[in-house]
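So the structure is just underneath, and the comments pick up after that.
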Amino acid sequence: MGARPAAPLRTATGTRRAKAASAAGHARQRRAVIAPPPPPPLLRLRSGNTRRRLVALFIVAMLLFAAVVGRVAILQTTGSEALRAAGKAQRTTESVLYARRGTIFARDGGELSLSVPSATIIANPKLVEDAAGTVTVLANMLGLSIEKQKSLYESFLAKEKSFAYVARQVDDALADAVLALDLPGIDMIQEDMRIMPSGEVGRSVLGRTDIDGKGIAGIEMQYDELLTGVNGERVREHDREGHSIPGADAVTRQPIPGDDLVLTLDRSLQFQVEQALVARVEELKAEGGTVVVMDVATGEIYSIANVKRGDDGTAAVTSANLAAVEAFEPGSVAKVFSISSVLDTGSATPDTTIDVPGTIVFDKDTEWEKTINDAERHGLQPMTLHDIIVHSSNIGTLLLSERVGVERLGDYMDAFGFGEPTALDFPGESGGLIKPAEELQGTEKATITFGYGYSATALQLAAAVNVVANGGVYVAPKLLLATIGDDGEVVETPPSPTRQVLQPQTAATMTSLMTDVVCQGTGKGARIDGLSVAGKTGTAYKLQDGGTYGEAGDRQYRASFVGFFPAQNPQVTILVTIDQPDPTSRDRFGGTAAAPLFTTVATAAVHQLQVMPTPGDTGCAG
């Protein structure tokens, strides 16, 4: 057998070295296992990172600086107005300087309507310190409503506005008492209040304004733009406690007053007419009445009076201009227009005679049958055109008008001004109601000739009858005579528009006939001693509920008289109409209810307007 190699010789020293080497190896292995891994490459610090951070910080700082500079630039340029306004609002109070509203004068220079200073309590909510306490004090002294108290309290708390009304147009003594309390934020201003220095004279024509001075009725409304001025403005600077800064008041814009108006109304005559009408309405136990007085040649209105009985049973001048806004069936006054058309077309003369029955029946034996009776009971009798107009025959008028024809009569009615408002253009003015000739049916073709089947205002009727007085020429009614500007310049208004309606000879013939109406016929109650008068009476049944005129004993009336004088040289036209006089009284007709008042008004006009009769004019003989 072969021998095995001999084992290496191990000494003690060798053994220790071997163990030491083995331990060292194990230690290196353990260190290699627990040592942390090296950092990722992106997170390792590099030499350029610090410089980049500084650049980024610089850029951000520059952007912030640019924003600040931009904001400052905006505040100093486009945003400066807002800042100034905010600063101004904190130290100033703006007050309105109200422009004076124009005065309304009568033709004689007397003041009919004007504005006077009046105390108004105001507040600057931004300066009110005790909202609840201030409202309580003001409410107790001024009698403020619950709604007003609530509104002021909310405004005082919000402090968003620098102006608020507390109480307007109060008594001066009361205003002084409020100011004496020295309440923070409470002040007083003067604003205009509209008054009528001549009392109630002309109130139905003048109309009225609201508390802000804006016209809401009548002349005040119609000419509001002319009367209204341009308000100014005052800026008052104050300190933090609300006290005015001496010498700091500044008027930024002066107010411009409105224009004054000069009306055609005669103040004295207007007063006399109103009083006479009230007395007559009371005497007749009527519901109301209207009077119109106008110049024959110019159409200028000297007086318009309107009276109405109130709920308390008292008759008084009303605020409504009934002469312009209330239309009614005119009754026999309309015969002036029908007979004028007959004469103007040559269809008849004053001496033309026709047989006139006392009754005429239309559409007999049909469901539309209608019986028309004459004004006075009579059998068949011959009547001249003169007698027909003087004694106011309904049937005679419609028979003569048939010669003219409905279409042609309609043209005349248009020319006389019916169916549309007058050129006066008064607020709410009525044009009345009249059908075109081609739309008239049945008895409408007949009744239109003597004042039924259409309606007109007192103003329209006065202007229409004035055509006869003015030689056949229609002249539109006129109320505004002139305006006076802020510089004192007086500007007269243009003449009223006119148009030819009748031939002059026709007007002269009608004047003669209407003179006989007063001297011989139904208008005897309108006579004036020593002065000739031409006129026409009218008594119309009023349409009642149910569309009928009622039965005998249950009818209501509208009594009218329209005339002019002196008949030989007409200067003044007057219309009088009485609404619903006592139906049981004899004084319910045009000749008995309205004609006597015409005489009263005409006599006053003669003296006030200095109307002189034509030489040789003695009025009605006998």
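Of note:
- Which numbered condition Asp387 misses (of (1) under 20 Å from Gly591 (Cβ atoms); (2) not in a helix (DSSP H, G or I)): (2)
- Breaking point among (1) of a type outside the set (Phe, Trp, Tyr); (2) at pLDDT 95 or above; (3) in contact with a Gly (Cβ under 7 Å, 6 or more places away or on another chain); (4) surrounded by fewer than 20 Cβ atoms within 10 Å (Cβ to Cβ), for Gly432: (4)
- Selection within segment 526-574: residues that are over 38 Å from the mean Cα position of the chain (by Cα) and surrounded by fewer than 17 Cβ atoms within 10 Å (Cβ to Cβ). The member of this set that is modelled with the highest pLDDT is Asn569.
- Residue that is modelled with pLDDT under 95 and in contact with a Phe, Trp or Tyr (Cβ under 6 Å, 6 or more places away or on another chain), where the choices are Glu233, Glu191: Glu191
- Residue match in segment 390-399 (condition: hydrophobic (A, V, I, L, M, F, W, C), over 20 Å from Thr509 (Cα atoms) and either out of contact with any Asp or Glu (no Cβ under 6 Å at 6 or more places or on another chain) or outside any helix (DSSP H, G or I) (or both)): no
- In the set (1) surrounded by fewer than 16 Cβ atoms within 10 Å (Cβ to Cβ); (2) under 33 Å from the mean Cα position of the chain (by Cα); (3) in contact (Cβ under 8 Å) with a residue 60 or more places away in the chain, the condition left unmet by Phe426 is number (1).
- Where Ile484 falls short, out of the listed (1) farther than 30 Å from Leu114 by Cα; (2) not assigned by TED's automatic domain parsing to the domain that holds Arg403: (1)
- Which numbered condition Gln441 fails, given (1) part of a loop (DSSP other than H, G, I, E, B); (2) within 27 Å of Asp295 (Cα to Cα); (3) polar (S, T, N, Q): (2)
- Within segment 451-485, tally of residues that are polar (S, T, N, Q), part of a loop (DSSP other than H, G, I, E, B) and within 23 Å of the chain's Cα centre (by Cα): 0
- Some residue of segment 544-557 being in contact (Cβ under 8 Å) with a residue 40 or more places away in the chain and farther than 21 Å from Gly616 by Cα: no
- Breaking point among (1) at pLDDT below 95; (2) within 21 Å of Pro427 (Cα to Cα), for Lys308: (1)
- Just one of the numbered conditions (1) in a loop (DSSP other than H, G, I, E, B); (2) touching a residue at least 12 places away in the same chain (Cβ under 8 Å) is not true of Gly488: (2).
The values are calculated or read from the model by the stated rules, or taken from the named source; none is laboratory data. Everything quoted here is computed from the prediction, not taken from an experiment. Every residue, glycine as well, gets a Cβ built from its backbone with ideal geometry; the counts of neighbours run over all protein chains shown.
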